[in-house]
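To start, the structure itself, in structure tokens.
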Amino acid sequence: MPLPEERASARRVIEDLKELAKLTSNERGAQRVAWGPVWREARDWFTAKVDRGVGVKTTRDSAGNLWASLPGSGKGSIVIGSHIDSVPGGGWLDGVLGVVAGLEVLRRFKEGGTTPPVTIHVVDWADEEGARFGRSLTGSAASAGALDAHGELAHLVDRQGVKLPDALAENDVTLDGMMQARAYFDSLDPLAYLELHIEQGPVLEEQRDPVGVVLGTMGVERYNLKFVGQAAHSGAAPLHLRKDAFLAAAQFALDCRAISVRHSGKTPRTRVVATCGVVKVEPNFVTAVPGTTEISIDLRALDGKVLQSMLREAKKAAAAAAKKHLVKVEWSPLLHITPRPFDERLMAFARTAVKEVTGKAPELPSGPLHDAAEMAPLVPTAMIFAQSSPGISHTRFEDTPEPALDKSIRAFLKLVDATLAALPLAPAKRGKRR
Ligand SMILES: [Zn+2]
């Protein structure tokens with residue numbers, strides 16, 4: 001029997017996504033929050049689909065990641081993954097698009113009556129979003145051996161006061177188990193990792209591109225700064241004697257904007273961003289010169305050297321702003337993530353696949369993190385983005401027009417086929433990855 005036609009496959013994926021949305025959403029959007037009842041229901045739905053469509057049983061690893069595997073004829077495997085979990089009030093595509101597209105890959109082999117050249121694993125990573133406890137990429141980080149479960153998770157509590165270890169226990173997962181997930185992942189002998197996801201931003205929409213090739217996930221440097229001056233009466237304090245902490249923070253925010261503009265190149269690879277998302281002023285009333293101001297800075301770039309230059313310049317800017325306004329500044333680190341560039345060989349397959357379906361192959365970096373970012377240091381990794389329109393996510397208004405969804409799924413199927421045909425991959429050119 002021949003493989004199902006790719007358009008029919010894409011249609012089936014879209015129908016499944018609609019079915020899951022109906023099953024796991026309410027008027028506020030998707031409610032598949034990790035470790036909770038709706039999430040478990042969504043996973044049961046997936047398990048039943050795998051059972052019926054592929055004829056294999058799903059399994060769970062010790063970190064709670066859910067695996068569906070179709071044995072291949074040769075050694076090694078490829079892993080196709082994303083996440084079924086959503087933020088509360090999330091959209092119908094974030095994460096599940098990649099998991100259901102993976103399911104379709106398995107169904108195609110099953111229906112075609114062919115054995116894949118290597119085993120294909122489809123994984124639904126547990127708690128990608130971190131929506132309930134604040135730690136995102138939990139399952140994929142555990143599999144990558146990049147999670148200190150006791151140090152990072154033991155103390156986390158949700159808004160209802162439930163401890164993360166207790167929520168894990170409801171799902172038969174323990175912190176010790178989380179620490180063993182890497183061994184399971186290694187036992188699969190993965191040769192490549194592939195992920196299809198929605199962009200979640202406006203870039204492809206603005207370019208009118210339905211599908212894009214992801215270059216990697218940007219590195220992140222995130223800090224909280226505290227400018228400390230002196231609170232004073234707004235009428236009594238003359239300008240030259242003020243120590244206005246807010247003005248220093250405001251100057252810093254404008255300087256960070258200038259730093260990001262200066263470092264942004266013209267190509268997708270050289271796009272960078274800087275954001276001051278939180279500002280807290282004290283004492284915070286209209287007749288007070290602000291005595292302290294806390295401000296956050298989140299810097300992102302795909303090139304690690306550029307990211308470090310941005311951070312150095314931001315530090316200089318903060319010191320200069322503090323000096324000018326006669327205040328002091330302290331930095332506290334919040335998050336440090338190195339850039340995760342994807343595999344050049346797989347990206348070449350992705351470019352060919354996207355071009356075959358859409359006529360061109362636009363590239364873009366991912367500002368948001370994805371499970372693929374945890375995989376990239378371990379195994380050659382590539383990702384394809386479907387356009388988001390409107391270019392927003394983590395809301396029920398998240399959407400991708402069906403023609404773009406169709407193209408993204410077909411391009412992804414081609415990427416999988418090309419990857420399978422090329423395994424084992426020839427050594428990377430400069431061999432610096434892994
Ligand atoms: Zn996602």
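Values in this text are rule-based calculations from the coordinates and carry no lab data. All values reported here derive from a predicted model rather than from experimental measurement. Positions of Cβ are backbone-derived with ideal geometry, glycine not excepted, and every protein chain shown enters the neighbour counts.
Quickly rank 199-206, 104-111 as a protection proxy: mean count of other C-beta atoms within 10 Å, highest first. Could you put the intermediate results ahead of the total?
Working: 199-206: 19.2, 104-111: 21.1.
Final packing ranking: 104-111, 199-206.
Would you mind counting up the charge near Met310? Only other residues with Cβ under 14 Å from its Cβ, with Lys and Arg at +1 and Asp and Glu at -1. Please list the in-between numbers first.
Numbers: positive: Arg222, Arg257, Arg262, Arg271, Arg300, Lys305, Arg312, Lys315, Lys316; negative: Glu221, Asp255, Asp298, Asp303, Glu313.
It works out to a net charge of +4.
Given 10 °C and 1.306 mPa s, compute D for the chain with the Stokes-Einstein relation, Rh being the Kirkwood radius over Cα pairs; round to the nearest whole µm²/s.
Details: Rh = 23.0 Å.
It comes out at roughly 69 µm²/s.
Kindly provide the helix-only [θ] at 222 nm of the chain, computed as the sum of -39,500 (n - 2.57) over DSSP H runs of four or more divided by all residues, to the nearest 500 deg cm²/dmol?
Working: 14 runs with 169 residues, N = 434.
Rounded to the nearest 500, it is -12000 deg cm²/dmol.
Choose one of Leu346, Ala428, Thr358: the residue whose Cα lies farthest towards the positive end of the charge dipole of the chain (beta-carbon charges +1 Lys, Arg; -1 Asp, Glu; about the Cα centre).
So the residue furthest toward the plus end is Ala428.
Could you please report the charge total around Glu104, scoring K, R as +1 and D, E as -1 over all other residues with beta-carbon less than 9 angstrom from its beta-carbon? Intermediate results must be reported in sequence, preceding the final value.
On the way: positive: Arg12, Arg107, Arg108; negative: Asp16.
Once all neighbours under 9 Å are counted, the net charge is +2.
So if I place +1 on the C-beta of Lys and Arg and -1 on the C-beta of Asp and Glu, and nothing else carries charge, what would the dipole magnitude of the chain be about its Cα centre? I want it in debye, nearest 20. Write down the numbers at each step before the final one.
On the way: 55 positive and 52 negative charges, 319 e Å.
The calculation lands at about 1540 debye.
How far is the Cα center of segment 325-384 from the Cα center of segment 29-95, in Å?
Here the answer is 23 Å between Cα centres.
Over 5 Å intervals from 0, what percent of Cα-Cα pairs in segment 219-337 sits in each interval?
P(r) over segment 219-337, rounded to whole percents: 2, 13, 22, 21, 15, 11, 7, 5, 3, 1, 0.
Using the Cα centre of the chain as origin and beta-carbon charges of +1 (Lys, Arg) and -1 (Asp, Glu), tell me which of Gly212, Pro71, Thr400 is placed farthest towards the positive end of the dipole.
Of the listed residues, the answer is Gly212.
Add +1 for every Lys or Arg and -1 for every Asp or Glu among the other residues with Cβ under 15 Å from the Cβ of Ala237, and state the total.
Overall, the nearby charge balance is +1.
³J(HN,Hα) across segment 238-245 via Karplus (A = 6.51, B = -1.76, C = 1.60, θ = phi - 60°), whole Hz, x for Gly/Pro?
After applying 6.51 cos²θ - 1.76 cosθ + 1.60, I find x, 3, 6, 9, 7, 10, 8, 5 Hz.
Calculate, for Arg52 and Ala169, the FRET efficiency according to 1/(1 + (r/R0)^6) with r their C-beta to C-beta distance and R0 35 Å; round to the nearest 0.05. Mind dumping the intermediate values first?
Values: r = 30 Å, r/R0 = 0.87.
Once the sixth-power term is evaluated, E becomes 0.70.
Report ³J(HN,Hα) in whole Hz for each residue of segment 203-214, in order, from the Karplus equation J = 6.51 cos²θ - 1.76 cosθ + 1.60 where θ = phi - 60°; Gly and Pro get x.
5, 5, 4, 5, 7, 6, 9, x, 9, x, 9, 8
Measure nothing fancy, just the Cα-based angle from helix 6-24's long axis to the longest principal axis of the chain, in degrees from 0 to 90, nearest 10.
On a 0 to 90 degree scale, this one is about 60.
Can you compute the FRET efficiency between Leu241 and Arg11 using 1/(1 + (r/R0)^6), with r the Cβ-Cβ distance and R0 = 60 Å? Round to the nearest 0.05.
The calculated FRET efficiency here is 0.25.
Hey, fewest Cβ within 10 Å first, where do Leu103, Leu188 land in order?
Going from least to most buried by this count: Leu188, Leu103.
Taking a cut-off of 16 Å between Cα atoms, list the aspartates and glutamates near Lys324, but don't count ones fewer than 8 places away on the same chain.
Straight-distance partners of Lys324: Asp244, Asp255.
Past the 25 Å Cα-Cα mark, which pairs from Lys243/Lys315; Lys18/Lys57; Lys266/Lys355? It would help to have the intermediate numbers written out before the result.
Working: Lys243/Lys315 20 Å; Lys18/Lys57 23 Å; Lys266/Lys355 22 Å.
Listed pairs above 25 Å: none.
Given the peptides 368-379, 88-99, 331-342, arrange them by the average over their residues of other C-beta atoms within 10 Å, most packed first. It would help to have the intermediate numbers written out before the result.
Working: 368-379: 23.4, 88-99: 25.2, 331-342: 15.5.
The most tightly packed comes first, giving 88-99, 368-379, 331-342.
Taking square-rooted eigenvalues a ≥ b ≥ c of the alpha carbon gyration tensor, is segment 1-64 rounded, prolate or oblate, where a/c under 1.5 means rounded and, failing that, a/b exceeding b/c means prolate? Walk me through the intermediate numbers first.
Values: a/c = 2.99, a/b = 1.32, b/c = 2.27.
Oblate shape, in that a/c is at least 1.5 and b/c is the bigger or equal ratio.
Can you give me the relative contact order of segment 190-348 as a percent, contacts being Cα pairs under 8 Å and 6 or more apart?
On the way: 301 pairs, mean separation 58.6, N = 159.
Contact order relative to length: 37 percent.
Any idea which of Leu254, Gln230, Gly277 is furthest toward the positive side of the dipole for segment 219-337, if Lys and Arg beta-carbons carry +1 and Asp and Glu beta-carbons -1?
Result: Leu254.
Taking only the C-alpha atoms, wrap a convex hull around segment 19-142 and report its volume per residue in Å³ as a whole number. Don't skip to the answer; put the middle values down first.
Working: hull volume 11.3 nm³, N = 124.
Cα convex hull per residue, to the nearest whole number: 91 Å³.
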